[in-house]
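These notes are about the structure you will find just below.
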Amino acid sequence: MIGIVPFVLSTFAASVTVGNGALEFGQGSQQAVACDPNVFAAISEEWHSAPTETDSSAGFFRVKSVTVSNLDLISCKGKKLRIRLIDTNGVEIPIGASADETTMPHVLQISLPDTESPVSTSDAAGLALTYLTGDGTFISSNMDAAVSLNTSGTSVYDGSDLASDSADVTFYLDPTGLIVNIDGQIVGRTTVETVNNPTR
């Protein structure tokens with residue numbers, strides 16, 4: 001038996017200006033200061049089967065990953081890169097599991113390589129992939145997410161060539177699809193931010 005899994009790529013930021021200006025998103029805007037003047041964010045989705053007693057084919061398109069494209073790793077070296085998802089009502093969406101409701105993960109963060117010659121990697125520990133609360137507090141819990149930083153190949157966003165000054169960073173919310181399954185229809189906005197904070 002052969003199964004087909006639909007895959008959708010949604011662009012939530014067709015042209016994001018990052019700097020002292022505003023980030024303009026498809027469904028909103030967000031002030032930010034960052035190390036790169038022009039990045040793009042794309043959400044990829046895949047079908048998540050959720051059958052019910054009355055509909056064995058029920059399900060939804062779950063958020064599989066968020067890719068930050070055209071990121072200049074040289075200008076941003078050593079900084080933290082963070083993403084978060086905001087629902088259509090302006091509320092942060094939990095992007096990980098937690099046993100404690102007061103420390104739900106709302107932010108995924110990595111430390112960008114502090115080098116002039118960054119290379120592609122999927123080493124979550126090497127990139128210090130972690131969950132944060134909405135206010136930036138570190139959460140010590142099991143990591144369901146994964147990350148991939150690519151400096152070669154083609155961009156997920158527009159198919160352009162990747163390089164150290166135009167890299168893709170993809171945050172996978174839950175590669176297994178067993179724990180974190182966010183319905184893509186509730187996502188109204190994606191925020192991308194860089195932080196020059198070595199301690200968290």
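The values are calculated or read from the model by the stated rules, or taken from the named source; none is laboratory data. None of these values were measured; they are calculated from a predicted model. Because the Cβ atoms are built from the backbone with ideal geometry, glycine has one as well, and the counts that use them run over all protein chains shown.
To keep it simple, each residue is scored yes or no on (1) free of Cβ contacts under 8 Å to residues at least 40 places away in the same chain; (2) under 22 Å from GLU46 (Cβ atoms).
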residue: GLY134; (1), (2): no, no
residue: ASP144; (1), (2): no, yes
residue: PRO175; (1), (2): yes, yes
residue: GLY184; (1), (2): no, yes
residue: VAL187; (1), (2): no, yes
residue: THR190; (1), (2): no, yes
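This table checks each residue for (1) modelled with pLDDT of 90 or more; (2) surrounded by fewer than 13 Cβ atoms within 10 Å (Cβ to Cβ); (3) farther than 19 Å from SER166 by Cα.
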position: GLY3; (1), (2), (3): no, yes, yes
position: SER15; (1), (2), (3): no, yes, no
position: GLY19; (1), (2), (3): no, no, no
position: PHE25; (1), (2), (3): no, no, yes
position: THR54; (1), (2), (3): yes, yes, yes
position: VAL66; (1), (2), (3): yes, no, no
position: LYS79; (1), (2), (3): yes, no, no
Residue match in segment 137-146 (condition: at pLDDT 95 or above and on the phi < 0 side of the Ramachandran plot): yes
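Let's see how each residue does on (1) touching a helix residue (DSSP H, G or I) at 6+ places or on another chain (Cβ under 7 Å); (2) aromatic (Phe, Trp, Tyr); (3) loosely packed, with under 15 Cβ neighbours inside 10 Å:
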position: GLY96; (1), (2), (3): no, no, no
position: GLU116; (1), (2), (3): no, no, yes
position: ASP123; (1), (2), (3): no, no, yes
position: VAL156; (1), (2), (3): no, no, no
position: TYR172; (1), (2), (3): no, yes, no
position: LEU178; (1), (2), (3): no, no, yes
Evaluation of THR199 against (1) modelled with pLDDT under 95; (2) β-branched (Val, Ile, Thr); (3) surrounded by 13 or more Cβ atoms within 10 Å (Cβ to Cβ); (4) more than 15 Å from VAL39 (Cα to Cα) (one fails), failing number: (3)
3 or more residues touching a helix residue (DSSP H, G or I) at 6+ places or on another chain (Cβ under 8 Å) and on the phi < 0 side of the Ramachandran plot: qualifying strands (runs of 3 or more DSSP E) within segment 29-93: 59-71
Every pair of residues 6+ apart whose Cβ atoms lie under 7 Å, when the first sits in segment 99-115 and is closer than 22 Å to LEU71 by Cβ while the second is assigned to a strand (DSSP E or B) and of a type in the set (Asp, Glu): HIS106/GLU92
Test: residue in segment 146-162 that is over 19 Å from LYS77 (Cβ atoms), in a loop (DSSP other than H, G, I, E, B) and of a type in the set (A, V, I, L, M): yes
Residue tally, condition farther than 20 Å from LEU71 by Cα, hydrophobic (A, V, I, L, M, F, W, C) and in a strand (DSSP E or B), over segment 166-200: 1
